[in-house]
Amino acid sequence: MPFDTFSERLRLVADESLALCKREWGRNGVGIEIPISPKIGWQPTFYMKPSRVLMIAVEVGDRLFPDSLRGAAHDIEHYDFPIAVYQACALDIFQKDPGQARVNLLRERGIGIITVDDAGHSTIQTRAEPLAQHISREKLDSALTELTPKLKVKFRTAHTTYETNVGQGLQAASQIIEALIDCIAKQAEAAGVVAAGTSAKDAALIIDDLWAAGAFHNYRAVLGAARSFLREHRNPSSHPSETAKKEATRTRKCKTGFLESLRVALELRKIIKALDYKILIV
Amino acid sequence: MSDVLKEIAPSKIERNPDNPRIFFRDEEMDTLTASIRRYGIQVPITVYSEGSHFVLIDGERRWRCARKLNLKSMPALVRGKPSRLKNILLMFNIHALREQWDYLTIAHKLPDVIELFQKENSGREPTEAELSELTGLTRGQIRRCRFLLDLPKKYREILEEELALPKQFQKLSEDFFIEMERALKTVQHRVPSALNTLNSARDALITKFRNETIGNITDFRMLSKIATSVKRLGVRETKAREALQSIFDPHSKIGIEQVFAQQFEMKFDERKVILSADSIFDFLEQSLNDSSTTKISDQLRKSLSRLHRLIERFLKP
């Protein structure tokens, strides 16, 4: 009998959250109290495969963000199948979490929350994205600290897009980097540091021109990083891959790319500041 | 068959249907999971072999953690299959020596032990001492279990629900029910007219404890004192009855401590003072009669002088 190791109260939470997940994501590939893979050091209460590139795994329990989940986060992130993780608990437990401390830990880690009340009504309180994709708001905010307000807004918008479509989100981040390169090039042109017409070129070629200019000798490492970022992440696919393994790889690559864009933007901003240029992006 | 140490896949192990333990709180399990994740399973579980799988004798929490952590294998001592009575008693003794189960857990299983003992002993019921020896529990623990076992089903279910909750959400504990039942037993014995029905009294006390009209489970001892005050202090039965009935009234906001402090505490204190005064009187009289001990210490002399002055003031018309 499924969930027979639970108390009656937790069995209700397990039954109702499973029913909710079936309504939400269908009944494909449901596994109850069995491991997802030997590579993952965690056995969810149940999981399902709503599509060929996404798995939903749910942990039912009174203890929010249990140690088993904390310990398995790395395995889940690096598994060859994107997995979105939810914790299901009684509504009481969710509401009475002191200072919402453990609820916030779940949210920061990209883990969704399902609650079930005493009458058996289930609700998705927070939606999850695959752990391999997740960039928390906190991580984003800390990476944005030294950027200008305009760049912060741009990256936050890109992050919102990223949360629903990793490819499009990364594309939006790449466009910010391109805009920064363009902005540097236009001001370098005006200062006569590079030839007129440089800013009209493709971003990669602009970087080559800047790299060759004497005024940018001290910033070659940053320009190199920007060039390699654009080469790697300029045109990410916005569509899910054909297989789960490819999708997991694409998702991880997009996450790396998005985080890289934040680092590159910060370095480009330092060049702009050092050369007394202005950030002129629309 | 001697015990054999093996590495066994958790998926090949099954729960023991006779394991009395029914509550596995997530908070406690999480601590154990964290320890196992960091340091592994330090103490092998104990199982017996049955067909193609193994059945747990000891170590359900470790086994559950191993499953949660998706461990490939775990160390286990494999024993021969015990008889059902031996199986239960093994589990009792392991836990009596190590980690204490909830009393309700034990209470649920005691009738099985008694029944199996009877089968092996021509229908004779074990004495409390025999039960204590068999299970490794003290006689006091067995008596506490019996209080819970004697609870009507409805209240055992309330307690079960509470015990399944995380510790911070538990309001009613086993101790609450044990203290309440002891007090109600005293009331039933000493002032039975105060009880409409036992269950209505139970319901009122539970409600009042939940809404904090009764602040502490030790208040139930005052309830017993009120019931015994008729015989011990000569309180009129009608007074004790009315006091108890006001406590058992689910609609009143009257708690046990309030009633006891207002109507009975002084009488109990007086009784205590009388006993102390008698004791002082006896000591002094004996000291005066026995010439060898008439020399009392300065400290006692000082205390008696202070007491003497106060008594004179107190008794002055």
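The values are calculated or read from the model by the stated rules, or taken from the named source; none is laboratory data. The shown structure was predicted, so the numbers you read here are calculated from the model rather than taken from an experiment. Positions of Cβ are generated from backbone atoms using ideal geometry, with glycine treated the same way; all protein chains shown enter the neighbour counts.
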*asked:* I need a count of the residues in region A:78-88 that are surrounded by 20 or more Cβ atoms within 10 Å (Cβ to Cβ), away from chain B (no Cβ under 14 Å) and either among the small types (Gly, Ala, Ser) or more than 18 Å from A:ALA14 (Cα to Cα) (or both).
replied: 3
*Test B:HIS53 against the criterion of being at pLDDT 90 or above and not assigned by TED's automatic domain parsing to the domain that holds B:ILE178, and give yes or no.*
yes
*Is one or more of the residues making up region B:240-252 modelled with pLDDT under 95, within 23 Å of B:HIS189 (Cα to Cα) and aromatic (Phe, Trp, Tyr)?*
no
_If B:LEU148 meets every condition in (1) at pLDDT 90 or above; (2) surrounded by 18 or more Cβ atoms within 10 Å (Cβ to Cβ); (3) not in a helix (DSSP H, G or I) apart from one, which number is that one?_
(3)
_Being within 14 Å of chain B (Cβ to nearest Cβ) and either surrounded by 19 or more Cβ atoms within 10 Å (Cβ to Cβ) or touching a residue at least 12 places away in the same chain (Cβ under 8 Å) (or both) is the filter here; which residues of region A:96-105 pass it?_
A:ASP97, A:ARG102, A:LEU105
_One residue is enough: does region A:47-68 have a residue meeting the conditions closer than 18 Å to A:ALA244 by Cβ, within 14 Å of chain B (Cβ to nearest Cβ) and not small (Gly, Ala, Ser)?_
yes
*Looking at (1) surrounded by 19 or more Cβ atoms within 10 Å (Cβ to Cβ); (2) part of a helix (DSSP H, G or I); (3) among the aromatic types (Phe, Trp, Tyr), can you tell me which one B:TRP101 breaks?*
(2)
*Would you check which residues across region B:217-259 are under 18 Å from B:SER193 (Cα atoms) and polar (S, T, N, Q) and list them?*
B:SER224, B:THR228, B:SER229, B:THR238, B:GLN245, B:SER246
*So, in region B:49-79, of the ones that are at negative phi and in a loop (DSSP other than H, G, I, E, B), which residue ends up surrounded by the fewest Cβ atoms within 10 Å (Cβ to Cβ)?*
B:SER52
*Here are some conditions: (1) within 28 Å of B:LYS154 (Cβ to Cβ); (2) polar (S, T, N, Q); (3) surrounded by fewer than 12 Cβ atoms within 10 Å (Cβ to Cβ). B:SER252 meets all but one. Which one does it not meet?*
(3)
*A:ASP117 versus (1) in contact with a helix residue (DSSP H, G or I) (Cβ under 6 Å, 6 or more places away or on another chain); (2) surrounded by 17 or more Cβ atoms within 10 Å (Cβ to Cβ): which is the lone unmet condition?*
(2)
*Sort out which residues of region B:206-232 are within 24 Å of B:MET266 (Cα to Cα), surrounded by 15 or more Cβ atoms within 10 Å (Cβ to Cβ) and not polar (S, T, N, Q), and write them in order of number.*
B:ILE214, B:ILE217, B:ASP219, B:PHE220, B:ARG221, B:MET222, B:LEU223, B:LYS225, B:ILE226, B:ALA227, B:VAL230
*Identify all residues within region A:258-272 that are within 10 Å of the chain's Cα centre (by Cα) and crowded, with 21+ Cβ neighbours inside 10 Å; write none if there are none.*
A:PHE258
_Test for A:LEU131: is it more than 27 Å from A:GLU8 (Cα to Cα), hydrophobic (A, V, I, L, M, F, W, C) and crowded, with 21+ Cβ neighbours inside 10 Å_ = yes
*State the number of residues belonging to region B:49-80 that are over 32 Å from the mean Cα position of the chain (by Cα), more than 14 Å from every other protein chain (Cβ to nearest Cβ) and either under 23 Å from A:GLU33 (Cα atoms) or among the polar types (S, T, N, Q) (or both).*
8
*asked:* Quick check on this structure: which one of A:ALA195, A:ALA158 is farther than 29 Å from A:ILE111 by Cβ, touching a helix residue (DSSP H, G or I) at 6+ places or on another chain (Cβ under 9 Å) and outside the structural domain of A:ILE111 (by TED's automatic domain parsing)?
replied: A:ALA195
*asked:* Being touching a Ser or Thr at 6+ places or on another chain (Cβ under 8 Å) and within 24 Å of B:VAL78 (Cβ to Cβ) is the filter here; which residues of region B:34-54 pass it?
replied: none
*So, of the residues in region B:120-140 that are over 16 Å from B:PRO20 (Cβ atoms) and in contact (Cβ under 8 Å) with a residue 12 or more places away in the chain, which turns out to be surrounded by the most Cβ atoms within 10 Å (Cβ to Cβ)?*
B:PRO126
_One residue is enough: does region A:165-177 have a residue meeting the conditions under 15 Å from the mean Cα position of the chain (by Cα) and free of Cβ contacts under 8 Å to residues at least 60 places away in the same chain?_
yes
*Counting only residues that are touching a Leu at 6+ places or on another chain (Cβ under 9 Å) and more than 7 Å from chain B (Cβ to nearest Cβ), how many does region A:28-43 have?*
2
*Could you check, for region B:188-197, whether at least one of its residues is within 14 Å of chain A (Cβ to nearest Cβ), modelled with pLDDT of 90 or more and surrounded by fewer than 16 Cβ atoms within 10 Å (Cβ to Cβ)?*
no
_Quick check on B:SER83: is it without any contact (Cβ under 8 Å) to a residue 40 or more places away in the chain, polar (S, T, N, Q) and away from chain A (no Cβ under 11 Å)?_
yes
*Name every residue in region B:1-40 that is away from chain A (no Cβ under 14 Å), in a loop (DSSP other than H, G, I, E, B) and over 23 Å from B:ALA107 (Cα atoms), in order of residue number.*
B:MET1, B:SER2, B:ASP3
*asked:* If B:GLU7 satisfies all but one of (1) over 24 Å from B:LEU163 (Cα atoms); (2) surrounded by 13 or more Cβ atoms within 10 Å (Cβ to Cβ), what's the number of the condition it fails?
replied: (2)
